[in-house]
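Student: One structure, pasted below without further comment.
Read-outs throughout are calculated quantities, based only on the coordinates presented, and are distinct from any laboratory measurement. Not measured: the values here are computed from a predicted model. Here the Cβ positions follow ideal geometry from the backbone for every residue, glycine too, while neighbour counts run over all protein chains shown.
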């Protein structure tokens, strides 16, 4: 009798495990991002120079509060990815009023100063409320932040390097069909953003389950993980 009970118990546990596994697999499948919902596929893939790695490009603007909010999470995600990706940034154009901000970013990039000053530039705009509406305002901030003013001005006013970077930004925005930011391009083919990724999340259409910006950003990171894996598999 005891043996029969043990056999029945074993069968019950096996069935429960199978049901649990099936439910987990179903949940994972249901959560898989969908093309046209949580991400978009470009009609024409763009060339990348990432080799066997996956190129990830953020389209952003220093003046954008959502870009500012997303930056710490994005930076942590990039660090976590390590050698799995090649990460790049494109500061979008936004008319004459944003030109100084755009040139600020590309000057930091040209001088190899993105790492120590990128977050400081965001903070200057969104915490200190500096507008960076003119070249002089940018120069004054750079000098106050500890960057050699003359060196910064030379790179900022470069007659060849800077115009080329600005033209490339315009071209990439057109090629990737960028009309809002932050937007993340992956593998030269896929696009997502916190808004895009959150749009397809379970319950996102219900006012009762409205997502916070942090939740939208986490959704974007989850979709980015999915797209990096997808793009990497497609390289093989």
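Student: Can you sort 169, 134 so the residue with the fewest Cβ neighbours within 10 Å comes first?
Tutor: In order of increasing Cβ crowding within 10 Å: 134, 169.
Student: For residue 47 and residue 164 in one chain, what is 0.36 nm times their gap in residues minus the Cα-Cα distance, to one decimal in nm?
Tutor: 40.3 nm
Student: For residue 75, put the label point 7 Å out on the Cα→Cβ axis and report which residues of segment 107-121 keep their amide N under 12 Å from it.
Tutor: Output list for this probe position: 114-121.
Student: Now, a different point. Can you sort 138, 78 so the residue with the fewest Cβ neighbours within 10 Å comes first?
Tutor: 78, 138
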